[in-house]
Amino acid sequence: MPTNVLITGVAGFIGSNVLDYLLQHTDWTITGIDNLSTGSKANIAHASDARFRFVQGDVRSISSLKEYKIIFHLAALPRIQPSFELVSEHIAENLLVGVHLIEIMIRENYYPRLVYSGSSAIYGTPTMIPTPEHERVDCLSPYAFQKYEVERYLELLSTRYPLDYVTLRYFNPYGPRSFNPANKFNAYSSVVGIFLNRHKNGQPLLVTGDGSQQRDFIHVADLAKANYLAAIHPDRLNMAFNIGYGATVSVLDLAKMISSDIEFIAKREGEAEITFADNSKARTILKWEPSVPITDYLKSELQ
Ligand SMILES: NC(=O)c1ccc[n+]([C@@H]2O[C@H](COP(=O)([O-])OP(=O)(O)OC[C@H]3O[C@@H](n4cnc5c(N)ncnc54)[C@H](O)[C@@H]3O)[C@@H](O)[C@H]2O)c1
């Protein structure tokens, strides 16, 4: 029997990289769903494997999950700044779409492993650095709060139903396809992708504030591997893991690694001063470890 899995948000930055990883490292049969709201078909155009089926549609149109053994839930409207303006739209996409999947499981009384893409944004500006999973929650944006609400619903509902889930709290992902020219929220995507794109177009890099904010940048291939390891773990984990590199770079230092043409713009509210993962839990339990230092990625992109 082939293992059937579902990736929601497959045409997005991280979803398309999870797809690549699974096609390369497993023999699984993969269905990917995406409504192309922020993703694009170009992100998966290269994935012509017969084991992959793309469904263009909304997660809310799914009525059964019985054919899948594993669900990778990545579909979201994942941008901090727009979530302050389009609040109900973000609640619908980030909270209710996740709850929709959980409700199907409860209705069908069928509980596939759910690997949920969470976010380190739930820590706000952390009190513990590096930040472990038991850090207090301090959501600085509607987006962060919505990502956290899904985590809490998973936790709460698993006290009544036999849910089987893993939450992966991503730190600052970067890598191939992080910058999608077709995405209306591009200005809020990974700063690494934005800087590289501006540099390639001969434009100055725009650093917010004084650029002293520190980020734990994590390559998307390492995130994809974390998704895979969370999916195959033999135990019902029902817990959250930090998925970050475990080191920081300031935004100004990042800009300097890419270009000397730098300009400063106003600081954005709702964004953390520092993100820095204590990733020891993922190392110990998932046997995951990050493998791509950001300096290697920049070298390959800039040569
Ligand atoms: N990129 C980051 O910095 C970051 C950081 C932490 C967590 N995350 C989480 O990782 C996940 C993936 O983020 P990403 O950076 O790849 O974003 P993305 O915008 O590139 O991908 C999200 C995908 O979901 C699709 N989508 C949205 N709503 C949908 C719906 N209702 N039905 C079907 N498809 C839908 C979009 O079209 C898009 O292709 C999200 O859950 C996000 O919250 C991202």
### Query
Checking Pro82 against (1) crowded, with 19+ Cβ neighbours inside 10 Å; (2) modelled with pLDDT of 95 or more, which single condition isn't satisfied?
(2)
### Message
Criterion first (within 15 Å of the ligand (Cβ to nearest atom) and not acidic (Asp, Glu)) does Pro112 satisfy it?
### Response
no
### Message
Tell me whether the range 38-60 contains one or more residues that are in a loop (DSSP other than H, G, I, E, B), farther than 19 Å from Glu93 by Cβ and of a type in the set (Phe, Trp, Tyr).
### Response
no
### Query
Tell me, which strands (runs of 3 or more DSSP E) wholly within the range 189-303 include 3 or more residues that are over 26 Å from Ser16 (Cβ atoms)?
205-208, 262-265
### Task
Could you please find all residues in the range 19-59 being acidic (Asp, Glu), modelled with pLDDT of 95 or more and over 20 Å from the mean Cα position of the chain (by Cα)?
Asp27
### Query
Quick one: would you say Arg136 is more than 11 Å from the ligand (Cβ to nearest atom), among the basic types (Lys, Arg), in a helix (DSSP H, G or I) and over 15 Å from Leu237 (Cα atoms)?
no
### Every residue from the range 224-269 that is among the small types (Gly, Ala, Ser) and touching a residue at least 12 places away in the same chain (Cβ under 8 Å)
Ala224, Ala226, Ala230, Ala231, Ala240, Gly244, Gly246, Ala247, Ser250, Ala255, Ser259, Ala266
### Task
Taking Leu74 as the residue in question, decide whether it is near the ligand (Cβ under 10 Å from one of its atoms), within 19 Å of Thr29 (Cα to Cα), surrounded by 15 or more Cβ atoms within 10 Å (Cβ to Cβ) and not aromatic (Phe, Trp, Tyr).
yes
### Exclusive hit being within 11 Å of the ligand (Cβ to nearest atom), touching a residue at least 40 places away in the same chain (Cβ under 8 Å) and more than 18 Å from Ala230 (Cα to Cα), set Thr8, Thr38
Thr38
### Query
Taking interchain pairs and intrachain pairs at least six residues apart, which have beta carbon atoms under 8 angstrom, with the first residue in the range 134-158 and farther than 22 Å from Asn109 by Cα and the second of a type in the set (S, T, N, Q) and assigned to a loop (DSSP other than H, G, I, E, B)?
Glu135/Thr127; Arg136/Thr127; Asp138/Thr125; Leu140/Thr125; Ser141/Gln81
### Query
Does Pro82 qualify as being more than 23 Å from Ala230 (Cα to Cα) and within 15 Å of the ligand (Cβ to nearest atom)?
yes
### Message
Restricting to the range 115-133, and then to whatever is of a type in the set (A, V, I, L, M) and touching a helix residue (DSSP H, G or I) at 6+ places or on another chain (Cβ under 8 Å), can you tell me which residue is nearest to the ligand (Cβ to nearest atom)?
### Response
Ala121
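The values are calculated or read from the model by the stated rules, or taken from the named source; none is laboratory data. Because the structure is predicted, anything quoted here is derived from the model rather than measured. Neighbour counts are summed over all protein chains in view; Cβ atoms, including those assigned to glycine, are modelled from backbone coordinates with ideal geometry.
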